[in-house]
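Below: the structure, in structure tokens.
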Amino acid sequence: MKHYFTVTFIAFTILFNSYNSFGQKIDNYQAKIDSLIHVTSPRGFNGVVFIQQNGKVKYAKAHGYSDFNKKTALKISDKFSTMSIAKQFTATLILQEVEKGTIDLQIPIRKYLPDLKYSWADTVTVNQLLNNTSGLNSEDIDKPLKFAPGTAFSYSNIGYYVAGMVLEKQSHKSFEELVTALFKKCNMTNSYYPNEISNKILTKGHTVKKDGTVRFNERVNFDAHNYFGSHLIVSAPDLAKWNECLHNGKLLKPETYKMMIAYSITNAHQLFSDKPIGYGYGLRINDKDVIMEIGHTGFHPSEGFTAVNLYYPKTKTSVIVMENQANENFDIAYYFEQGIRKIVKESNLLK
């Protein structure tokens, strides 16, 4: 009986240690992220990391300051600029109008904006505005098209401004009304359309210059035409709520959502891959990797914000990094966003 007890105890000890070791492997990504965000070279981290899987928080840390001058500690609930992550909100709202029959993605926008003075309105479609194949310049609407619409990729914030004009015209509502309703639908209680009041609760942006000095940005210089593609105010946990809504059928019909994540054009981005990946409607579609990945970045050095919003459909996992600083040295601009993405993708979290 004593021999049996000894053998049983040893077996249980081995089993327990194996299980404990396995558990440590599962949770190892948390310790790795903890270590990474404390690194100071080639730059420091100042922001929020938020990871959620199937509605459950897996990692949530705020590191650094909401205001470098006052040394006010950042909080998980602090509000950041979405920058270009705003594009997927605009695209979703347009696709909801497509479902209503008020917008046709494939016809020239002249139908919707008859008074637009530019001749390219006779050929550019909403589809091309949403997937950045319109040929429009990124920031200047008066410059000529870079190429024939639909023939190449060129990232364009102005394209989303024009798409936003179509949205407001066809919905008979302002973008503020539409976005506010979208936030409410997804229970995004810490997210706002930018205005005089909500801009006051936005974390302060900080521009890190190439010489290492920091410029404190007391106020944002975005204006209303930027909001369609470059600036909404959200918290990191609210972006996870957004992902849950968008990618799980709460905002679009299945066939419409498939249109959003389909693509006819590819483009390379340093955060995702050296090789080009698909660009849908306000979303980069990385479907050639082992793990399907959908997401978008945000980067605005003059305003002082950097971000990435990633979603992995197989495990319903959101990986969100939002910083209220941006480095003018683009080689290290996404250093932490890339590092956190790599840690998560190599962990057991997505398996």
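Read the figures in this text as sums done on the coordinates, not as results from a lab. Since the model is a prediction, treat every value here as computed from it, not as a measurement. Virtual Cβ from ideal backbone geometry, glycine too; neighbours counted across all protein chains shown.
Among the residues of the range 282-293, those that are within 17 Å of LYS345 (Cα to Cα), buried (at least 17 other Cβ atoms within 10 Å of the Cβ) and of a type outside the set (Val, Ile, Thr) comprise ARG284, ASN286, GLU293.
Is at least one residue of the range 264-281 in a helix (DSSP H, G or I) and surrounded by 14 or more Cβ atoms within 10 Å (Cβ to Cβ)? Checked the range 264-281: no residue is in a helix (DSSP H, G or I) and surrounded by 14 or more Cβ atoms within 10 Å (Cβ to Cβ).
Of all residues being of a type in the set (Asp, Glu) and part of a helix (DSSP H, G or I) in the range 218-253, which is surrounded by the most Cβ atoms within 10 Å (Cβ to Cβ)? Just the residue, please. Don't jump to the end; show me each part of the working.
First, pick out the residues of the range 218-253 that are of a type in the set (Asp, Glu): 218, 223, 238, 244.
Now restrict to residues that are part of a helix (DSSP H, G or I): 238, 244.
Numbers: ASP238: 23, GLU244: 18.
Top of the filtered list is ASP238.
When restricted to residues that are free of Cβ contacts under 8 Å to residues at least 12 places away in the same chain, of a type in the set (S, T, N, Q) and in a helix (DSSP H, G or I), the range 159-217 contains 0. Consider the range 135-188 and keep the residues that are within 25 Å of THR123 (Cα to Cα) and aromatic (Phe, Trp, Tyr). The one that is surrounded by the fewest Cβ atoms within 10 Å (Cβ to Cβ) is PHE147.
The set of residues in the range 302-346 being within 15 Å of LYS61 (Cα to Cα) and among the acidic types (Asp, Glu) consists of GLU323, GLU337.
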